[in-house]
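Everything below concerns the one structure shown next.
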Amino acid sequence: MAIVLGAALMGAVLAAVHHAEVVAHRVGEPLGTLILALAVTLIEVALIVSMMVAGGPQNAALARDAVYSAVMLICNGVVGICLLVGGMRHREQSFRVEGAAAAYATLVAVTALALVLPSFTTSSPGPTYTRSQLAFAAVSSLVLWGLFVFVQTVRHRDYFLPPEGTEDENAHLPAASAGQAWAASGLLLVSLVAVVGLAKILSPSIEAAVTAAGAPEAVIGIAIAMLVLLPETLAAVRAARANRIQTSLNLSLGSALACIGLTIPAVVTVSVLFDIPLVLGLGAKDLVLLGLTFLVGTITLGSGRTNVMLGAVHLVLFAVFLFLSFVP
């Protein structure tokens, strides 16, 4: 049964990527990548919230583990494999530094507010926030994410478009009609619901495997995050192979921002309404890895050009994250 469900999950992932690309080709950049990132994030938030309510106090750190895993997976795993694949196929690729800088600065700010500061505040014991601090963090995260979307889609939309002279291998493909785009949007939502639903069904098997292996409970959050983010990962890698590294970065960084900007307000609301304790602060090991990730990312995204070496560095950091999750 697990094999059958796994095959169905992969089919749902491939379907989601296909329908997302149809919609993106119709509406253009950067709105196309925003649609996929937002759709996946909303369903991911629903999954986290439902597990929090069902699990109660024992899932106090679930949101933290899920968000942290998503950030590390996207910033190191997805970005790394996109840079590596794009560099192997096209040697060097170009992107707009202005857009990457805006996205990365926002990501660093909201991540520090949500996952770093709770470990250092003193009003509440442990790596937690008080209710007023939770409310402030939730509003701040939502405001920063909303402002970023406004800048990305309205005020400075050109920052997130491919640089002039970049050859898109898929540019010659005809755009879908309005009817086909609407149908693809509906099928995209259905596919993403199937991805999350199948991931949730498979989660007991994942938990049993993690327990049998003697791995820490945080590994469960990593495995589920990998399953949920499969559509975005595959779409980003395919864009990099087609010489659309700008699209890959828009999708990757936008997904990480949406994950934090929407998840934190949602889990804070659930925590207050259902009186569920919420642990957000990271431990020392994870803080070091997060800081190293952001430092390397600042260097990687500061030149506007990519190559295989930059991708390899990010993938090694992702391997370190996975290894230390199993062997803390």
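Bear in mind that the values in this text are calculations on the coordinates, not laboratory data. All figures in this text were calculated on a predicted structure; none of them were measured in a lab. Cβ coordinates were reconstructed from backbone atoms using ideal geometry, including for glycine residues, and neighbour counts include every protein chain displayed.
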The helix 178-213 Cα axis meets the longest alpha-carbon principal axis of the chain at an angle in degrees, between 0 and 90 and rounded to 10, of 40 degrees
Just to be sure I understand, if you calculate Cα extents along the principal axes in Å for this structure, which of (1) 85, 49, 34; (2) 74, 48, 39; (3) 56, 44, 36 do you get? (3)
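Rounded to the nearest 20 Debye, what is the dipole magnitude of the chain about its Cα centre when Lys and Arg each give +1 and Asp and Glu each give -1 at the C-beta?
120 debye
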Can you give the angle from 0 to 90° between the axis of helix 230-241 and the longest principal axis of the chain, with both taken from C-alpha atoms, to the nearest 10? 30 degrees
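Where does the chain land at 222 nm, in deg cm²/dmol rounded to the nearest 500, when only DSSP H runs of n ≥ 4 count, each adding -39500 (n - 2.57), divided by all residues?
My calculation for the chain gives -24500 deg cm²/dmol from helical runs alone.
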Rounded to the nearest 0.05, what FRET efficiency do Thr121 and Val154 have when you use their Cβ-Cβ distance and R0 = 41 Å? 0.70
Angle in degrees between helix 131-150 and the longest Cα principal axis of the chain, rounded to the nearest 10: 0 degrees
FRET efficiency for Glu92 and Ala213, using Cβ-Cβ distance with R0 set to 56 Å, rounded to 0.05: 0.85
Of the residues Val23, Val78, Val53, which exhibits the maximal mean-square fluctuation in a Gaussian network model of the chain defined by a 10 Å Cα contact cut-off? Val53
